[in-house]
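K.L.:
Got a structure for you, questions after.
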There are 6 protein chains.
Amino acid sequence: MPYVLIQVTREGVSAAQKRALIEGTTRLLVEVLDKDPATTFVVIDEVDTDNWGVAGETVTARRARAASQREAT
Amino acid sequence: MPYVLIQVTREGVSAAQKRALIEGTTRLLVEVLDKDPATTFVVIDEVDTDNWGVAGETVTARRARAASQREAT
Amino acid sequence: MPYVLIQVTREGVSAAQKRALIEGTTRLLVEVLDKDPATTFVVIDEVDTDNWGVAGETVTARRARAASQREAT
Amino acid sequence: MPYVLIQVTREGVSAAQKRALIEGTTRLLVEVLDKDPATTFVVIDEVDTDNWGVAGETVTARRARAASQREAT
Amino acid sequence: MPYVLIQVTREGVSAAQKRALIEGTTRLLVEVLDKDPATTFVVIDEVDTDNWGVAGETVTARRARAASQREAT
Amino acid sequence: MPYVLIQVTREGVSAAQKRALIEGTTRLLVEVLDKDPATTFVVIDEVDTDNWGVAGETVTARRARAASQREAT
């Protein structure tokens, strides 16, 4: 009866990618822990880049800086 | 001081249903554990059917299959 | 396919109380949202009073103060 | 490697406030626990006031009552 | 920068199985979403069977019933 | 009415450090979002190093490697 929460930034995750995450995670739990897929939940939570921080800054800020660095080269 | 998270698929949960979930959960915690309702939080998280997987497939896919089976009968 | 997390302080919640929380929450989701109990998960997370803060202090500190106030009267 | 989830009602949290929450939380974990900011995640989850309950009622209802009380005075 | 929470019942998950879950989940996020493994967190939360409910009863009760049925045959 | 979850590895977090995390987080929410401390929850979840993965390996493995590298120098 596993419950899995996958939290990622909301940056264009497609329906096909969501299906691949759900299939892959479920298969992993079946293979590693012999869980019943019928009672395996996988929930994907997409988080705006303004709402995700790492190293003390938002992902929005990190993406903007990375983009400006690419333009500068 | 309980905190309760209720995660359900986003399939038209009405404001009245949300109120019923919040009232019922709070009452349950008061009755069973004698908690103070003033510091009992209930958070409802509605998840898109593309983002919820069970048995290795999305709820979107399950709903579509159930609908096509109903039509076929 | 709901998933419910009930987070409470670890202060002697009995097995019977846990069963009552699980039964009551599941019944609520069936009644309010017509959910299938077979795919309704309820997870109870007991948190040490040192690890739960409210109003900027731990529940441990709040319980100690309440106890000393009762003794003082 | 801390992970911090900050759940608040969705009531106009600005981008600047989100940055302040992320910076402040990360600094706190560095100062108190000597954590590496590079692997400190802070996720802000904004919840609709219809979906947040306290004392058995939605925040929507609490805000409406508080507003009508202010008008009445 | 994904964060993954894997919640399972505490029923003897070995250190090797935990490593397999962490490796497999991280690889999945790299393959499907091209995420950087260095900032991919996987947290495994083991939950006592008394604290996990499905279909309105604890996993403890389900395991006991399944065991008694096996003995009866 | 904020709810904050702070998830860290279980590596000897002291009661004083927990108090500092709870005080600091609550103060931050008051300062940045003008929240009422009386309804601000902070929950600290300590996770075994076997149960926390980053970069596809457990924190246990990372700590062991770091220790053996220090000894080798």
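The values are calculated or read from the model by the stated rules, or taken from the named source; none is laboratory data. These figures come from a predicted structure and were not determined experimentally. Don't worry about glycine lacking a Cβ; one is built from the backbone with ideal geometry, like all the others, and counts go over all protein chains shown. When the accessible area is computed, the model is the full protein with side chains, heavy atoms only, and any ligands, DNA or RNA have been set aside. Shrake-Rupley method; radii C 1.70, N 1.55, O 1.52, S 1.80 Å.
K.L.:
So who's got an amide H within less than 5 Å of the one on residue E:58, skipping anything under 5 residues away but keeping other chains? H placed 1.01 Å off N, in plane.
P.N.:
none
K.L.:
Return the sequence-ordered ³J(HN,Hα) values of region D:37-43 in whole Hz as given by the Karplus equation 6.51 cos²θ - 1.76 cosθ + 1.60 applied to θ = phi - 60°, using x for Gly and Pro.
P.N.:
Each residue of region D:37-43 in turn: x, 4, 10, 10, 9, 10, 10 Hz.
K.L.:
Keeping all protein chains in place, calculate the accessible area per residue for region C:3-72 (probe 1.4 angstrom), answer in Å². Walk me through the numbers before you get to the answer.
P.N.:
Details: 3000 Å² over 70 residues.
For region C:3-72, the per-residue accessible area is 43 Å².
K.L.:
With a 1.4 Å probe, what is the total accessible area buried between chains A and D, in Å² rounded to the nearest 100?
P.N.:
On the way: alone 5410 and 5410 Å², together 9790 Å².
So the total buried area for this chain pair works out to about 1000 Å².
K.L.:
Now for a different question. Report the charge-dipole magnitude of chain E in Debye, nearest 20, computed about the Cα centre from +1 at each Lys and Arg Cβ and -1 at each Asp and Glu Cβ.
P.N.:
On the way: 9 positive and 11 negative charges, 46 e Å.
Roughly 220 debye, rounded to the nearest 20.
K.L.:
If the cut-off is 23 Å between C-alpha atoms, which lysines fall inside it for residue C:35, apart from same-chain ones fewer than 8 positions away?
P.N.:
Straight-line reach from residue C:35, under 23 Å: A:35, B:18, C:18.
K.L.:
Roll a 1.4 angstrom probe over the protein heavy atoms and tell me the percent of accessible area of the protein assembly as shown that is carbon or sulfur.
P.N.:
On the way: 8870 of 19060 Å².
Exposed carbon and sulfur together represent 47 percent of the surface.
K.L.:
Classify the protein assembly as shown as rounded, prolate or oblate, taking a ≥ b ≥ c as the square roots of the eigenvalues of its Cα gyration tensor: rounded when a/c is under 1.5, otherwise prolate if a/b is larger than b/c and oblate if not. Numbers along the way, then the final one.
P.N.:
Working: a/c = 1.20, a/b = 1.00, b/c = 1.20.
Rounded, because the longest to shortest axis ratio a/c is under 1.5.
K.L.:
Could you give the angle, 0 to 90 degrees to the nearest 10, between helix D:15-33's Cα long axis and the longest principal axis of the Cα atoms of chain D?
P.N.:
50 degrees
K.L.:
If amide H atoms are built 1.01 Å from N in the plane of the peptide, which residues on other chains or at least 5 residues away come under 5 Å of the amide H of residue A:10?
P.N.:
Answer set, sorted by chain and number: A:47, A:48, A:49.
K.L.:
Roughly how many debye, to the nearest 20, is the charge dipole of the protein assembly as shown about its Cα centre, given +1 on each Lys and Arg Cβ, -1 on each Asp and Glu Cβ, and no other charges?
P.N.:
Working: 54 positive and 66 negative charges, 0 e Å.
Roughly 0 debye, rounded to the nearest 20.
K.L.:
I've got another one for you. Does region B:3-72 come out rounded, prolate or oblate, given a ≥ b ≥ c as the square roots of the eigenvalues of its C-alpha gyration tensor, rounded meaning a/c under 1.5 and, failing that, prolate meaning a/b above b/c?
P.N.:
On the way: a/c = 3.14, a/b = 2.62, b/c = 1.20.
Since a/c reaches 1.5 and a/b is larger than b/c, the shape of region B:3-72 is classed as prolate.
K.L.:
For residue B:40, what residues show an amide H to amide H distance below 5 Å, using hydrogens built from the backbone and excluding near sequence neighbours?
P.N.:
Sorted by chain and number, the residues that satisfy this are D:55.
K.L.:
Considering only A:69, A:5, A:15, whose Cα is most displaced toward the positive end of the charge dipole of chain A, charges sitting on Cβ of Lys, Arg (+1) and Asp, Glu (-1)?
P.N.:
A:69
K.L.:
Where does the charge balance sit around residue C:3 when Lys and Arg score +1, Asp and Glu -1, over other residues with C-beta under 14 Å from its C-beta?
P.N.:
Working: positive: B:10, C:35; negative: A:45, B:45, B:46, C:36, C:45, E:45.
That works out to -4.
K.L.:
In whole Hz, with x marking every Gly and Pro, tabulate ³J(HN,Hα) for region C:56-73 from phi via Karplus 6.51 cos²θ - 1.76 cosθ + 1.60, θ = phi - 60°.
P.N.:
In residue order, the calculated couplings are x, 9, 6, 5, 3, 5, 5, 5, 5, 5, 4, 5, 6, 5, 5, 5, 6, 9 Hz.
K.L.:
Let me ask something additional. Taking a spot 7 Å from the Cα of residue D:66 along the direction of its beta carbon, which residues of region F:14-43 have an amide N less than 17 Å from it?
P.N.:
Correct set: F:29-41.
K.L.:
While we're on this one: Convert each backbone phi in region A:46-55 into a coupling constant with the Karplus relation 6.51 cos²θ - 1.76 cosθ + 1.60 (shift: θ = phi - 60°), then list the ³J(HN,Hα) values in order as whole Hz, x for Gly and Pro.
P.N.:
Whole-Hz 3J(HN,Hα) from phi for region A:46-55: 8, 10, 4, 5, 5, 9, 10, x, 8, 6.
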